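Let me begin by handing over the structure; questions about it come next.
Computed from the coordinates by the stated procedures, all read-outs in this text should not be read as laboratory data. In this text, all values refer to a predicted model and were calculated from it rather than measured experimentally. Every residue, glycine as well, gets a Cβ built from its backbone with ideal geometry; the counts of neighbours run over all protein chains shown.
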Amino acid sequence: MQSLRQTLHEAHKARLARFSAAAIQLPVAIMQPEPVAIVQPVAEDKYTATDQMIRDWLFVSSDPTSEEDIIFWRKAYPYIRGCSCPDKPRRIIAEVLLKHRAFWRDMTAGRRDRETVLCRHEICYRLRQETDYSMPRIGRLLGGRDHTTVIHGCRQHKIRMEAANR
């Protein structure tokens, strides 16, 4: 009795053999060149793999990065995982999540414990002040919340900041 993995592997090999046989029978003019696979070397440890992933992510999404950015994103990656928003809001969200040691999945979920709400309010406030995002857009980003929730979060965070400055 073969394992499922072994059966799937053998079926894959058989398919490849059929495709190769069919390609040999085609005229040369119809045959397409085979694509070149780019294989990245296997990372020695999880930190090297994470660094490479962050470098690739930043290379695709922004300007050339510095070592400080790579160190920041290495620290922030576990907290920001799952956030798919543009670069500037992602940076703001990552800074707040790293500061509060909170996870992105908690910000978009329906959790209402004190630590999560305080972090969510700060994200609302900073996104409103530092980006051109509208209240409804910020609400959608934070798990489909209403714009009035974002207004309340901004007001509450502003009140907390003023109380802390006294």
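Under a point spin-label approximation (7 Å from Cα along Cα-to-Cβ), what is the residue 162-residue 71 distance to one decimal in nm?
Each label point is offset 7 Å from its Cα along the Cβ direction, giving 3.8 nm.
A further question on this structure: Just to check I understand the Karplus step: with θ = phi - 60° and J = 6.51 cos²θ - 1.76 cosθ + 1.60, what whole-Hz values come out for the stretch 108-113, glycine and proline as x?
Karplus-based 3J(HN,Hα) across the stretch 108-113 equals 8, 7, x, 5, 10, 6 Hz.
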